[in-house]
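Colleague: Before anything else, here's the structure in question.
Read the figures in this text as sums done on the coordinates, not as results from a lab. What you see is a predicted model; the values in this text were computed from it and never measured. For neighbour counting, all protein chains shown are included, and Cβ atoms are generated from backbone atoms with ideal geometry for every residue, glycine included.
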Amino acid sequence: MAADAMHAIDYLRARTKESVNCRLHSVERHHQEIDARLQSVFTEQQSLSALSDDEKTPATRFGPSTYLDYNVDLSKIKQRGTIMEYQENFEELSNMVRGWPVKALIRAFIGGLKDEIHIVVQATKPHSISDCFELARMVEQKHRKVHLAARQGTTNRGICGQSTRTDLFPQLAGMANPRGYPTTITAT
């Protein structure tokens, strides 16, 4: 029985020694990770201190900003989907900014439209943002019809294969053309 007890004690000593060694190894690895982190922070601090105060930007001194500038977002907005989606995004951003004149809002909305819609809406020179929304929706609808007709092999074109502005916008048929711009545009 004494031999069994001695064997059990030796076994427990070996397991305890393994456990302690394993824990020591884990602690050493943890200390190495901390040392590596401290070294990287120290190196970063040295590189920042080497810059003059004029060279330090707020981002390098204080970290990235969480401030959202809706003015920048509104000025850079682009149409990616349908006009309705774009209009919703535009209205959401325009409600977040203050002090934008109507003309600037109109320019921002038209500037973000897809090219085929942008050209037509800009040519009509809308005077309100609601006119821009309505014209853009009408142009998008007309483009859908033209593309659908092209796929089906039929077109509804005017003289020389061109669609007239009044074909695109029947409600503009009675409007004058004060600057003498061409009254026809090519349907795409």
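Colleague: Using the structure shown, select from 103/142; 76/125; 76/114 the pairs with a Cα to Cα distance greater than 23 angstrom.
Modeller: Check vs 23 Å cut-off fails for 103/142.
Colleague: Also: Can you list, bin by bin at 5 Å, the percent of alpha carbon pairs in the stretch 84-124, starting at 0?
Modeller: Per 5 Å bin, starting at zero, the Cα-Cα P(r) for the stretch 84-124 comes out as 5, 21, 32, 25, 12, 5 percent.
Colleague: Follow-up. Show me the ranking of peptides 144-153, 121-130 by mean Cβ neighbours inside 10 Å, starting with the highest.
Modeller: 121-130, 144-153
Colleague: Extending each Cα 7 Å along its Cβ direction at residue 25 and residue 130, get the distance between those two points in nm, one decimal.
Modeller: Taking the two extended label points, one gets 7.6 nm.
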